[in-house]
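Report on the structure given below.
Values in this text are rule-based calculations from the coordinates and carry no lab data. Values in this document were obtained by computation on a predicted structure and should not be read as measured data. Positions of Cβ are backbone-derived with ideal geometry, glycine not excepted, and every protein chain shown enters the neighbour counts.
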Amino acid sequence: MSNNTPVASYDALIIGAGFSGMYQLHSLRDRLGLKALVLEAGSGVGGTWYWNRYPGARCDSESHSYNYTFSKELLAEWRWSERYPEQPEILRYLNHVADRFDLKRDIRFDTRVTGARYDEAANLWHVTTETGERYAAQYLITAVGCLSTANVPKIPGLEEFAGDWYHTGQWPHGGVDFTGKRVGQIGTGSTGIQAVPVIAAQAGHLTVFQRTANYSVPAHNAPLTPEFQAWLDSNREEVVQTMRSTPNGHPFTISERKVFDVDAEERERIYEAAWAKGGLQFRASFQDLLVDKTANDTAADFIKRKIRSIVKDPRKAAILSDIDHPYAAKRPPIDTHYFEAYNRDNVDIVNLRAEPIERITPNGIRTSARDYPLDIIVFATGFDAMTGPLLRLNIQGAGGRKLAEAWEAGPRNYLGLQVAGFPNLFTITGPGSPSVLCNMPIAIEQHVEWITDCIDAMRKRGLRRIETTEAAMDGWVAEVNRAADATLLPQAKHSWYLGANVPGKPRVFMPYAGGMAHYRRICDQVAAKGYEGFVLSD
Ligand code: N01
């Protein structure tokens, strides 16, 4: 990059044009009248939904809850077609929003941020891009999502593989033709579980390489009926209120009953009904599923029995139901005929706990037991979650301190929103906020609105700089740990919530498990007390 490149100046720069960045742009530009610009690596809006085009990609939140709620008109005019929205439909929705609010004129596409440096003297953030552009702004807001840095495991030999390989989070826009191919898929998280039945239906043969067996509950996806739409039209306000008042931001409430309030027969009936209904609300059947291991065991046992009853081959059933963590301690997937796919003759499963992958050869995957010849390898291996997308921006705060240094032992911040030493930098759905433990649009809207209100309050008071303190961060990190330790979530040792899926990453429970509604109250109180825990100056 040449230093002669002119610097384009803004009040605020936003990185990423997904759900967060789009709403942040709308809020700062159209509500506060700021000069704001979004820098986006992709060629279109959508973020997660721009990149994740793998077979079967669909949201696990129900469609009528997976949208913005800030505009009544927008809510009323958009019609989802199915119970769970498919990736192309979500992308159409986000394009509709971008066009409706005329956002694209202030988004620079094909612009990947490669560095951001805070200039103390000028109180400005300087941002550089892969294409050599230079930008400056008073506020820098990251809207990069929690799951946008693909994790391709460093398996020896990948570069020698003679076939094709793909990561689900960087899927080719033209799709992949699996017809007649021998496909190997590594990974059985939410993504892998969505992809298996769709790939299986097309491929000659599919071998699934499973390291950690996983629970899944049927999604029971179906077209939305006119009756449901009519109900939604007359109950929209209540649905939004429910989403804003529950711990997880979904449009259903968590039952108040506990597992052992009912006898075994009644419990079985409740689980059967939840299974028949399908979806993420299975975990809302009882209030203590995520805090009491003995209670959780009853749900875990129910699902394991379901797996064994669906999967006909006892060997495959044993591998799939040998699950080592409490139900929902890892993000619980929902599926469309996932376990049923293993009843097909062209689908097999390999237990990597018994025969680990040794290397990739030109012809396929070699485990400690044998070679699996393959034409295509699909990495459904997840993401360097939460911290990965932030760290790869190469952010340097006051005194040139790198975010990577500040977070060497894991993410430390205040409210998931700010890091001491990085003034005027806000991280939407950063680690330490409810984010991935919540229906994302609800978490995103709360952060965007809080940041917007904060900047508005500063401007009204003639203030230009906001920075959190080490003490505030210490207190918040303790609260994040307390909230996680009050649940069974840290018990899943192979969870990306803990960073355990990326070798060498510090093991820290990253999202805030205290619940979205509680978190919202904390943030509101902080603001009401004049932004307690932050130092504001001019
Ligand atoms: O990723 P994951 P994902 N060798 O990290 C395995 C969201 N999402 O893309 O468990 C062998 O969950 C890994 O094994 P293990 C959702 O929040 C949302 O599926 O680490 N295997 C695991 O099986 C979700 O939680 C929707 O032992 C390796 C898998 O790969 C998040 O995205 C839809 C390996 C990775 O699972 C991430 O899901 C889909 C290795 N070296 C996803 N490395 C919605 O509906 C990793 N694995 C909104």
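Where both partners of a DSSP beta bridge lie in the chain, what percent of those bridges are antiparallel, to the nearest 5? The antiparallel fraction comes to roughly 40 percent. In order along segment 378-383, the Karplus-derived 3J(HN,Hα) couplings, from 6.51 cos²θ - 1.76 cosθ + 1.60 at θ = phi - 60°, round to 10, 8, 9, 9, x, 9 Hz, and Gly and Pro are given as x.
Quick one: Kirkwood hydrodynamic radius for segment 373-439, alpha-carbon pairs, angstrom, one decimal? Each step should come with its number before you reach the end.
Working: mean 1/r = 0.0737 Å⁻¹.
This gives a value of 13.6 Å.
Measuring between alpha carbons in the structure, the pairs from Lys181/Lys505; Lys154/Lys181; Lys258/Lys312; Lys181/Lys316 lying more than 28 angstrom apart are Lys181/Lys505; Lys258/Lys312. For segment 208-322, the Cα-based Rg and Dmax, in that order, read 16.7, 50 Å. The protection proxy used here, the mean number of other Cβ atoms lying within 10 Å of each residue, ranks peptides 255-265, 301-311 as follows, highest first: 301-311, 255-265. In straight-distance terms, cross-link reach from Lys72 covers every one of the lysines whose alpha-carbon lies under 22 Å from its own, apart from those fewer than eight places away in the same chain; here that gives Lys104.
Using the beta-carbon distance between Ala471 and Leu158 and R0 = 41 Å, what value does 1/(1 + (r/R0)^6) give for FRET efficiency, to the nearest 0.05?
Working: r = 46 Å, r/R0 = 1.11.
Efficiency, rounded to the nearest 0.05: 0.35.
Could you work out the percent of alpha carbon pairs in segment 346-496 separated by over 21 Å, rounded to a whole number? Value for segment 346-496 (Cα pairs over 21 Å): 60 percent.
Which of the peptides 273-279, 248-254 is most tightly packed, and how do the rest follow, going by the mean number of other Cβ atoms within 10 Å of each residue? Numbers along the way, then the final one.
Values: 273-279: 15.7, 248-254: 20.4.
Ranking the peptides 273-279, 248-254 by packing returns 248-254, 273-279.
Look at the dipole of segment 354-512 built from charges on Cβ: of Val419, Pro362, Ala492, the Cα furthest out on the positive end belongs to Val419. For Asp538 and Arg112, a Förster radius of 51 Å and the Cβ-Cβ distance give a FRET efficiency of 0.90, rounded to the nearest 0.05. Applying 0.36 nm per residue to the separation of Asp297 and Arg392 and subtracting their alpha-carbon distance, the gain on full extension is 30.3 nm. Taking other C-beta atoms within 10 angstrom as a stand-in for reagent exposure, Trp165, Trp51 fall in the order Trp165, Trp51, fewest first.
What's the extension gain from Glu355 to Trp231 if we count 0.36 nm per residue and subtract their Cα-Cα distance? Don't skip to the end; give the middle numbers.
On the way: separation 124, 0.36 × 124 = 44.64 nm, distance 5.15 nm.
Contour length minus Cα-Cα distance gives 39.5 nm.
Report the rotationally averaged projected area of segment 114-192 based on its alpha-carbon convex hull, in square nanometres. Taking the Cα atoms of segment 114-192, their convex hull projects to 8.8 nm² on average. Peptides 96-105, 221-230 ordered by packing proxy, namely the average of other Cβ atoms within 10 Å per residue, highest first: 96-105, 221-230.
Translational diffusion coefficient of the chain (Stokes-Einstein, Kirkwood radius from Cα pairs, 4 °C, 1.567 mPa s): 53 µm²/s.
Rounded to the nearest 20 Debye, what is the dipole magnitude of segment 120-192 about its Cα centre when Lys and Arg each give +1 and Asp and Glu each give -1 at the C-beta?
Working: 4 positive and 7 negative charges, 46 e Å.
Once rounded to the nearest 20, the dipole reads 220 debye.
Segment 113-173 and segment 237-304 have their alpha-carbon centroids 38 Å apart. Listed by Cβ neighbour count within 10 Å, with the fewest neighbours leading, Met510, Met440 appear as Met440, Met510. Residue separation of Ala500 and Ala478 scaled by 0.36 nm, minus their Cα-Cα distance, works out to 5.9 nm of gained length.
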